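Have a look at the structure below, then the notes.
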Amino acid sequence: QVQVVESGGGLVQPGGSLRLSCAVSGDIISIYVMGWYRQAPGKQREFIASIGTTGTTDYVDFVKGRFTVSRDNAKNTIYLQMNSLKVEDTAVYFCNRRPFPTLSWGQGTQVTVSS
């Protein structure tokens, strides 16, 4: 059974940084494009960043230059380094396959940006 576990969230002040992790068990993610998604209160889940099997990355405009996605296939884990965080980045962050999120969704990790 595939399990996805996100971690690393927390409360941070505007301008701060966090590093999120997403560990997948029960499947081999090295053959997949993996993505980070987020869901803010009262909004739909949205895609924000992805990393391909060869390390190619893609970002939505509103995180470009601030967020960096990476992967460690040996650990079956992907990461999201988030810098220059803004209040509007407050959300629950998830990871899944991209473009079709076919893995079971994890619980996500809460990121709260507030002064």
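Derived scalar couplings between HN and Hα for the range 94-102 equal 10, 10, 5, 5, 9, x, 10, x, 8 Hz in order, rounded to whole Hz, by the Karplus curve 6.51 cos²θ - 1.76 cosθ + 1.60 (θ = phi - 60°), x for Gly and Pro. In summary, the lysines within cross-link reach of K86, defined as a Cα separation below 19 angstrom excluding same-chain residues under 8 places away, comprise K43, K64. A straight chain from W105 to T68 at 0.36 nm per residue would run longer than the Cα-Cα distance by 11.2 nm.
Over the chain, with the other protein chains present, what is the accessible area per residue in square angstrom, probe 1.4 angstrom? Mind showing how you got there, number by number?
Numbers: 6020 Å² over 115 residues.
Spelled out: the 1.4 Å probe surface of the chain, per residue, equals 52 Å².
The Cα center of the range 85-115 and the Cα center of the range 13-78 differ in position by 9 Å.
If the segment from V33 to F47 were pulled out straight at 0.36 nm per residue, it would be longer than the present Cα-Cα gap by 3.8 nm. Over 20 Å, how big is the tail of the calculated P(r) for the chain, in percent of all Cα pairs? Across the chain, Cα pairs with separations above 20 Å total 34 percent. Over the range 68-115, the pair-distance histogram of Cα-Cα distances with 5 Å bins from zero comes to 5, 16, 22, 26, 17, 10, 3, 0 percent, rounded to whole numbers. Distant-in-sequence amide contacts of F67, defined by a placed amide H-H separation under 5 Å and a gap of 5 or more residues or a different chain, comprise N83.
The values are calculated or read from the model by the stated rules, or taken from the named source; none is laboratory data. The model shown is predicted, which means the values in this text are computed figures rather than measured ones. The protein model used for the area step is the full one, side chains on, heavy atoms only, and it has no ligands, DNA or RNA in it. Shrake-Rupley method; radii C 1.70, N 1.55, O 1.52, S 1.80 Å.
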